[in-house]
Amino acid sequence: MKKTWGSLFAGIAFAAFISGGAVAQTIVVGGKAFTEQQILTAMTAAILKAKGFTPERKAGMGSAAVRAALENGQIDVYWEYTGTGLTVYNKINDKFASAEDAYRKIKEVDGAKGIVWLNMSPVNNTYAFAMNRDESQKRGIVTMSDFAKAINSGAKLTFASNAEFYARPDGLPGWQSAYAFEFDRDNVKRMDTGLTYTALKERQVDSAVVFATDGRIPAFNFVVLKDDKHYAPPYNLTPVVRKEVLDKNPKIADALNSISAKLNDETMAKLNASVDVDKKTPEEVAEGFLKANGLSY
């Protein structure tokens, strides 16, 4: 028996030695409810697991909820957009000369709050207004100024919006103010995010809010109206982590920065389409991306 226990303790000691003497750190990964965020949440959990962490996923939150969860320590990391960080969480509505300037500003402001923005990706998932291509051509609406002019001239254009875009200051209220138009209340149809695309495709509405990197835009033959007044700030996709957690686990930065470096608008749109059009799961898409880019080990 003494020999057996001795062998057991020796085995435990050896296991602790080769693993650095520490139990895998649990990292809570948050995320929002739409497809892109579901993919990134799955991707983050998978790469952290490959790096020796124990990821715990808490996905499916709204913007306000996921930010609050980060601030109060309920989650440790998630992917955010620079424009959302500036306008929604910090009430900064400045115009920036470049995406890099916007990134530097949010990194500075949130850094003072113990929130670290890691490397910004090239993915700019801005909000946009979309129409069916044939309807856009028939009405001669190519830009947001064209759209505003049509409404102000009496066109009863209906619009599909999710609840968040309808209410947030950089959402519908901000766009209407910037382009000096206003929908009649009955012409705005509020629905879940994913349903806005279906409603537009099936011509239940004339226009809809979309995410610029959504793969359904080309798949459904939508046209995105040009933001000719450059109202929308940059919404560059960036991993965000609590400083307290990052200080204890610096490997998180390398893992997530390696994902940022491999993303761009075209790639993200294809990943989103794999879920929304090809009906793959976010986990399948995430694992395939990591494997294809040599990041899954």
Inset, instruction - Give the cross-link partners of Lys248 among the aspartates and glutamates, using a straight C-alpha distance below 20 Å as the criterion and excluding same-chain residues fewer than 8 apart. - result: Glu56, Glu71, Asp76, Asp110
Inset, instruction - Any aspartates and glutamates with Cα under 13 Å of the Lys201 Cα? List them, leaving off those in the same chain fewer than 8 positions away. - result: Asp134, Glu135
Inset, instruction - Enter the accessible area of Asp134 (Å², nearest 10), with the probe set to 1.4 Å and all protein chains included. - result: 80
Inset, instruction - Roll a 1.4 Å probe over the protein heavy atoms and report the accessible area of Trp79 in Å², nearest 10. - result: 10
Legend entry - Qualifying lysines (Cα of each under 27 Å from Cα of Lys95; at least 8 residues distant if same chain): Lys32, Lys105, Lys107, Lys113, Lys149, Lys226, Lys229
Legend entry - Asn93/Glu182 FRET efficiency (R0 22 Å; Cβ-Cβ; nearest 0.05): 0.65
Legend entry - Mean Kyte hydropathy of 1.0 or more with a Cα span along the axis of at least 20 Å, helices from DSSP in the chain: 2-18
Inset, instruction - Skip the ligands, DNA and RNA, and give the accessible area per residue of the chain with a 1.4 Å probe, whole Å². - result: 48
Legend entry - Computed [θ] at 222 nm, helices only, for the chain once each DSSP H run of length n ≥ 4 contributes -39500 (n - 2.57): -13500 deg cm²/dmol
Legend entry - Cα-only Debye scattering, the chain: base-10 log of I(q)/I(0) at q = 0.07 Å⁻¹: -0.31
Inset, instruction - Using Cα centres only, tell me the gap between region 194-255 and region 128-170 in whole Å. - result: 18
Inset, instruction - Please work out how much accessible surface Lys251 shows to a 1.4 Å probe, ignoring ligands, DNA and RNA, in Å² rounded to 10. - result: 110
Legend entry - Nearest-20 debye value, the chain charge dipole, Cβ charges on Lys, Arg, Asp, Glu: 660
Inset, instruction - Just the number, please: carbon plus sulfur as a percent of the accessible area of region 142-183, 1.4 Å probe, no ligands or DNA/RNA counted. - result: 55
Legend entry - trypsin sites (Lys or Arg not before Pro) within region 76-119, DSSP loop, no more than 14 other Cβ atoms inside 10 Å: Lys91, Lys95, Lys113
Inset, instruction - Quote the convex hull volume per residue of region 42-129, based on C-alpha atoms, as a whole number of Å³. - result: 127
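The values are calculated or read from the model by the stated rules, or taken from the named source; none is laboratory data. Everything numeric here is computed off the predicted structure, so don't read it as measured data. Please note: Cβ atoms are built from the backbone with ideal geometry, for glycine as well, and neighbour counts cover all protein chains shown. With ligands, DNA and RNA removed, areas are computed over all heavy atoms of the protein, side chains included. Shrake-Rupley method; radii C 1.70, N 1.55, O 1.52, S 1.80 Å.
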